[in-house]
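Since the structure comes first, as structure tokens, the remarks are kept for the end.
The values are calculated or read from the model by the stated rules, or taken from the named source; none is laboratory data. Predicted model, so just to flag it, every value in this text is computed and none were measured. Every residue, glycine among them, receives a Cβ derived from its backbone with ideal geometry; neighbour counts consider all protein chains shown. Side chains included, ligands, DNA and RNA excluded: accessible areas come from the protein's heavy atoms. Shrake-Rupley method; radii C 1.70, N 1.55, O 1.52, S 1.80 Å.
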Amino acid sequence: MNRIETKIIIMVTNQLAPAKESDTKTEMIEEVSENLYQRYLELAGQGMPEDEALERAMETLGDVGELLTFLRESEEEG
């Protein structure tokens, strides 16, 4: 795992910190992080500077409210 991947995972984990720990949360962090990393690679591959590509990729995450609601609901069901 490289530095950017690690940075993205940390950023996503921080965004989803309000949700309780669960397998669903862990899977969501992994999936969202992978998608954001792929977006970063696309942007960097187009010649965008590393910092800007990371910022733009993270912007695609948007408001995590829906993700937190989903995690809260899945916790209630479990």
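Per-structure values
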{"item": "Test: residue in the range 39-55 that is among the small types (Gly, Ala, Ser) and assigned to a loop (DSSP other than H, G, I, E, B)", "result": "yes"}
{"item": "Residue list for the range 1-26, restricted to those being of a type in the set (D, E, K, R), under 16 Å from Glu50 (Cα atoms) and more than 12 Å from the chain's Cα centre (by Cα)", "result": "Arg3"}
{"item": "Residue in the range 21-34 that is at pLDDT 95 or above and on the phi > 0 side of the Ramachandran plot present", "result": "no"}
{"item": "Sole residue being surrounded by fewer than 17 Cβ atoms within 10 Å (Cβ to Cβ) and modelled with pLDDT of 95 or more, chosen from Glu5, Glu66, Glu77, Glu73", "result": "Glu5"}
{"item": "Any hit, the range 14-27, residues being in a helix (DSSP H, G or I) and touching a Lys or Arg at 6+ places or on another chain (Cβ under 8 Å)", "result": "no"}
{"item": "The range 30-78, residues that are under 20 Å from Ala19 (Cα atoms), among the small types (Gly, Ala, Ser) and touching a residue at least 40 places away in the same chain (Cβ under 8 Å)", "result": "Ser74, Gly78"}
{"item": "Subset of the range 46-58 that is over 16 Å from the mean Cα position of the chain (by Cα) and open to solvent by less than 70 Å² (accessible area, probe 1.4 Å) - its residue that is nearest to Ile4 (Cα to Cα)", "result": "Met48"}
{"item": "Checklist (1) closer than 26 Å to Glu77 by Cβ; (2) open to solvent by 60 Å² or more (accessible area, probe 1.4 Å) applied to Val12, failing item", "result": "(2)"}
{"item": "Meets criteria (exposed (fewer than 10 other Cβ atoms within 10 Å of the Cβ), of a type in the set (S, T, N, Q), more than 27 Å from Glu77 (Cα to Cα) and over 9 Å from the mean Cα position of the chain (by Cα)) for Gln38", "result": "no"}
